[in-house]
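J.: Here it is, the structure in full.
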Amino acid sequence: MTGGSAPTGPAPPASDAVVVAAVGDIHLGTDSRGLLRPAFAVLPDCADLLLLAGDLTRHGTVEEAAVVAEELRGCGVPVVAVLGNHDYHSGQEAEVGRVLCDAGVVVLEGRSTVVSAGGHQVGVAGTKGFCGGFAGRSAGEFGEPEMKAFVRAARQSAGRLAEALAYLADRACDVRIALTHFSPVPDTLAGEPLEIYPFLGTYLLAEAIDSVGADLAVHGHAHLGTEHGLTTGGVRVRNVAQPVIRHAFALYRLPVGPARATGAPPSP
Ligand SMILES: [Fe+2]
Ligand SMILES: [Fe+2]
């Protein structure tokens, strides 16, 4: 028998990119046990971290959150999430977040985190976001208290995203990502009925992202939408709703170091 020990010495050099896995709208229920665990088990072979863009459950119950937690537990890469509107439906969003946290998931709402992934520091700013519509076709903070409250919710959520991104801007991050459930742009809604665009996102999120900058913006919610979009400020946007990407998760390669400085786009 030969003995052995773990190799020692300097860590291998970090690669020139961070590979981000992302998915939203997995909508797991209590009958979904084991559905995604096999796919998540291969994450360490292909990605440096996993982003979850909300609507992780069907009705936002603790029981459903426990299923999500079990699918993710020990998946081998850092997991950062925001909740979606479905995760709020039962009024148990705090408990849902806690169940996910107990499984090692970093759940963001109006704040940011920096995770060490693939030898790089990855900053993620997250918020659920809200509705309201897009430039020229958006709701205004005018009239009835209910209407003002509706628009104010979107404005406050976007404000929290801007603050969370600004926090990251002051940190030594190799890449910065904005993670939301609602969409910041109309591009990634293409395929959805035009009539419901105001309920799928708000331009205020894009304004927040462009005001600080990010290497990538990831969202879900628009099941019939399109994967690729762009803010007016040039930040790439990806709709990772599972019905859109049609896989357990999508992979995006974000250049770091000199390649990031040249503005090389994320792939695919
Ligand atoms: Fe959804
Ligand atoms: Fe949703």
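The values are calculated or read from the model by the stated rules, or taken from the named source; none is laboratory data. Remember, it's a predicted structure, so these values are computed and weren't measured experimentally. Cβ coordinates were reconstructed from backbone atoms using ideal geometry, including for glycine residues, and neighbour counts include every protein chain displayed.
J.: With Ala178, Ala154, Ala135 as the choices, which residue is aliphatic (A, V, I, L, M), in contact with a helix residue (DSSP H, G or I) (Cβ under 6 Å, 6 or more places away or on another chain), in a loop (DSSP other than H, G, I, E, B) and touching a residue at least 40 places away in the same chain (Cβ under 8 Å)? Break it down into steps so the answer makes sense when it comes.
T.: Values: Ala178 fails: in a loop (DSSP other than H, G, I, E, B); Ala154 fails: in a loop (DSSP other than H, G, I, E, B).
Going through Ala178, Ala154, Ala135 in turn, the sole match is Ala135.
J.: Just give me the residues in segment 121-138 being buried (at least 16 other Cβ atoms within 10 Å of the Cβ) and at pLDDT below 95, in sequence order. Before the answer, list the steps.
T.: Residues of segment 121-138 buried (at least 16 other Cβ atoms within 10 Å of the Cβ): 121-134, 138.
Residue satisfying the conditions is Ser138 alone.
J.: Scan segment 255-265 and give yes if some residue there is under 15 Å from the mean Cα position of the chain (by Cα) and either within 16 Å of ligand 1 (Cβ to nearest atom) or in contact (Cβ under 8 Å) with a residue 40 or more places away in the chain (or both), otherwise no.
T.: If we filter segment 255-265 for residues that are under 15 Å from the mean Cα position of the chain (by Cα), which is where we start, we get none.
No: zero hits.
J.: Tell me which residues, restricted to segment 11-51, are within 16 Å of ligand 2 (Cβ to nearest atom) and part of a loop (DSSP other than H, G, I, E, B). Show your work before the answer.
T.: Taking segment 11-51 as the starting set, the residues that turn out to be within 16 Å of ligand 2 (Cβ to nearest atom) are 22-29, 51.
Correct list: Asp25, Ile26, His27, Gly29.
Conditions tested, residue by residue: (1) within 14 Å of ligand 1 (Cβ to nearest atom); (2) not aliphatic (A, V, I, L, M).
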| site | (1), (2) |
| --- | --- |
| Asp16 | no, yes |
| Thr30 | no, yes |
| Leu35 | no, no |
| Val42 | no, no |
| Asp55 | yes, yes |
| Arg58 | yes, yes |
| Glu63 | no, yes |
| Ala66 | no, no |
| Ala69 | no, no |
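J.: Taking the residues in segment 79-98 that are surrounded by fewer than 20 Cβ atoms within 10 Å (Cβ to Cβ) and away from ligand 1 (no atom under 16 Å from the Cβ) as candidates, determine which candidate is farthest from Ala21 (Cα to Cα).
T.: Per the criteria, the residue is Gly91.
J.: Can you name the residue in segment 189-224 that is within 16 Å of ligand 1 (Cβ to nearest atom) and part of a helix (DSSP H, G or I) and is also farthest from the chain's Cα centre (by Cα) among such residues?
T.: As a first pass, look at segment 189-224 and keep what is within 16 Å of ligand 1 (Cβ to nearest atom): 189, 191-193, 196-197, 199-201, 218-224.
Then drop every residue that is not part of a helix (DSSP H, G or I), which leaves 189, 196-197, 199.
Details: Leu189: 16, Ile196: 22, Tyr197: 20, Phe199: 18 Å.
By that ranking, first place goes to Ile196.
J.: Please specify each residue of segment 72-87 satisfying the condition of being in a helix (DSSP H, G or I) and under 21 Å from Thr113 (Cβ atoms).
T.: Selection gives Leu72, Asp87.
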